[in-house]
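Student: Before I ask anything, let me first share the structure, which is written out below as structure tokens.
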Amino acid sequence: MTATSDPLAQTASGDALPLRAKVLLLDMDGTLIDSGPAVERAWNTLLGELGTDLEFGHAQHGKPARQVLAELMPELDAEQLSAAHARVEALEIADVGSIVTLPGTERLLRELDEAAQQLGRATWTIVTSCTAPLFEARWATTGLPVPAQMVTADQVSRGKPDPEPYLLGARRLEVDPAQCIVLEDSVGGLLSGTEAGARTVAVTSTTPAAELSPLADALVTSLDDLEIRVDGDDLVLARRGS
């Protein structure tokens, strides 16, 4: 897709939706839940403790913490990197009180579960840049089901924007990546999904639409813009009410 002078106009004027797939691979932070304020508080606390005036911004969203640390502070040695990673993860795990489920998340997951019952197979999982402990702390606040075969950052050797996380997600659900739709809110996540061979839908919750639009097959403001239908053995991801 090519960015327009008003990228958000694409959500109303047409794009690749509806899209057909066997499964949806869903990012968590910024796509299913809003953890942004907690993420930024934790990271800016850490960066201040490390004596830097750097600030965490939208360009860092969607990447594993170790990756972010290596990019922001390449001068850290291995021991310092491990200590900083442990510290920021502890800060994030302790700060889940403000996390909220984003509009459309509960309904879309319910539609996917209903489709799974109809099709007799898994229809979705989560592919997150959180480690398993951080995922568990955040997801527990939602009361929503934990999907089978999910992928966390500590299960891959290379995180987003590398395609490995989404390739693993597709493999765990036993589908070709080309039969997947990836929902993401970050540039790194979209690059990961695209390089894995999936179609992508961008959610404009944490990153400016102009940065997401050229990388995605479709652009929405939230999951509340989307709905799931079943057609034969396929999922159809469409604009709600279209």
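Student: Is segment 99-215 best put as rounded, prolate or oblate by its Cα gyration tensor, with a ≥ b ≥ c the root eigenvalues, rounded for a/c under 1.5, and otherwise prolate when a/b is larger than b/c, oblate when not?
Tutor: Verdict is rounded for segment 99-215.
Student: Between segment 189-228 and segment 32-52, what is the C-alpha centre distance in whole Å?
Tutor: 24 Å
Student: Please find, in a Gaussian network model of the chain (springs between Cα atoms separated by less than 10 Å), the residue of Leu215, Leu50, Leu32 whose mean-square fluctuation is greatest.
Tutor: Fluctuation is largest for Leu50.
Student: Return the single residue from Glu106, Glu75, Glu227 with maximal mean-square fluctuation; model: Gaussian network over the chain, springs between Cα atoms under 10 Å.
Tutor: Result: Glu75 has the largest fluctuation of those listed.
Student: Leaving out ligands, DNA and RNA, and with a 1.4 Å probe, what % of the accessible surface on segment 16-85 is carbon or sulfur?
Tutor: Using a 1.4 Å probe with all protein chains present, segment 16-85 comes out at 51 percent carbon and sulfur.
Student: Next question. Leaving ligands, DNA and RNA out of it, rank Thr206, Thr194 by accessible area with a 1.4 Å probe, largest first.
Tutor: Thr194, Thr206
Student: Also, quick follow-up: Ignoring everything except DSSP H segments at least 4 long, calculate the 222 nm mean residue ellipticity for the chain; use -39,500 (n - 2.57) per segment, divide by total residues, nearest 500.
Tutor: -11000 deg cm²/dmol
Student: For segment 130-214, run through the GluC sites (Glu not before Pro) and keep only the ones in DSSP coil with at most 13 other Cβ atoms within 10 Å of their Cβ.
Tutor: Here the sparse-neighbourhood loop sites are Glu174.
Student: Where the accessible area of segment 108-242 is counted over protein heavy atoms with a 1.4 Å probe, how much of it, in %, is carbon and sulfur?
Tutor: 47 percent
Student: Solvent-accessible area per residue for the chain at a 1.4 Å probe radius, Å²?
Tutor: 42 Å²
Student: So what does Trp124 come to for accessible area, using a 1.4 Å probe and Å² rounded to 10?
Tutor: 20 Å²
Student: Share of antiparallel DSSP beta bridges in the chain, in percent to the nearest 5?
Tutor: Bridges in the chain are about 40 percent antiparallel.
The values are calculated or read from the model by the stated rules, or taken from the named source; none is laboratory data. Because the structure is predicted, anything quoted here is derived from the model rather than measured. No Cβ is skipped: glycine too gets one built from the backbone with ideal geometry, and neighbour counts run over all protein chains shown. Areas reflect the complete protein model, heavy atoms only, side chains present, ligands, DNA and RNA absent. Shrake-Rupley method; radii C 1.70, N 1.55, O 1.52, S 1.80 Å.
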